[in-house]
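Notes follow the structure.
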Amino acid sequence: MKRNRKRQIKYYHFKSLIYYISICLLFSSCVYYNTFYNAEKSFENATQIIDESPLLKENEIPPQAKKLLDESISNSYIVLNKYPASEYVDDAYFIIAKSRFLKSDYSLSVDYLNRLINEFPGSEYIVESKIWKAYSNFRMDNIDLARDELSLILEKFELETDEKLIILKFQAELSLYDG
């Protein structure tokens with residue numbers, strides 16, 4: 001009986017240490033996922049507001065949507081800076097890039113889309129990233145580059161419905177530009 005008690009005391013500190021480490025790991029992973037979730041949720045809410053709001057001046061978005069896009073960008077930067085090896089890095093790049101596009105900050109959008117395309121060639125966002133990159137180039141008045149990128153996308157990839165919708169809007173703007 002004494003021997004059992006000594007063994008329990010001996011391992012008590014070890015068990016306590018394991019317990020506290022596992023609690024810390026659980027808490028940190030919850031914070032990490034929660035940060036990404038908040039970025040994603042802010043982005044979704046912003047796009048919903050943009051879709052439902054009446055048209056303002058060209059490429060202008062409602063102030064509430066701007067605030068939500070800023071939150072999504074901020075939370076995505078936290079994911080990139082604090083958790084650079086996480087599975088959500090490509091998602092964070094994509095959220096930042098699309099948020100920047102919606103805020104008419106096309107050059108930063110292209111920068112983050114290039115990072116995503118170059119660092120994550122197997123990402124689920126590759127095709128859509130290339131579409132948004134071409135669209136951003138168009139909005140920056142790199143018309144010939146945008147046309148070339150769009151032609152390559154249309155030749156090379158089998159497009160999903162949402163990707164086709166983006167391209168149709170993009171092609172409509174190209175047609176308006178052409179007169």
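Quick look at the values:
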{"item": "Inter-label distance for Lys82 and Leu108, nm, one decimal - labels placed 7 Å from Cα along Cα-to-Cβ", "result": "2.0 nm"}
{"item": "Cβ-defined net charge surrounding Glu160, 12 Å radius [Lys, Arg +1; Asp, Glu -1]", "result": "-4"}
{"item": "Accessible area expressed per residue, the stretch 85-141, with surrounding protein chains retained (probe 1.4 Å, Å²)", "result": "40 Å²"}
{"item": "Geometric extent, Cα atoms of the stretch 59-179 - Rg, Dmax (angstrom)", "result": "14.5, 48"}
{"item": "Cross-link pairs beyond the 27 Å C-alpha cut-off, checked among Lys82/Lys156; Lys103/Lys156; Lys82/Lys169; Lys41/Lys130; Lys67/Lys133; Lys41/Lys156", "result": "Lys82/Lys156; Lys103/Lys156; Lys82/Lys169; Lys41/Lys156"}
{"item": "Cβ-based net charge around Ser123, under 13 Å, with every Lys or Arg adding one and every Asp or Glu removing one", "result": "-4"}
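The values are calculated or read from the model by the stated rules, or taken from the named source; none is laboratory data. Computed from a prediction, not measured in an experiment: that's the story for all the values here. No Cβ is skipped: glycine too gets one built from the backbone with ideal geometry, and neighbour counts run over all protein chains shown. Just so you know, the surface numbers come from the protein's heavy atoms only, side chains and all, with ligands and any DNA or RNA stripped out. Shrake-Rupley method; radii C 1.70, N 1.55, O 1.52, S 1.80 Å.
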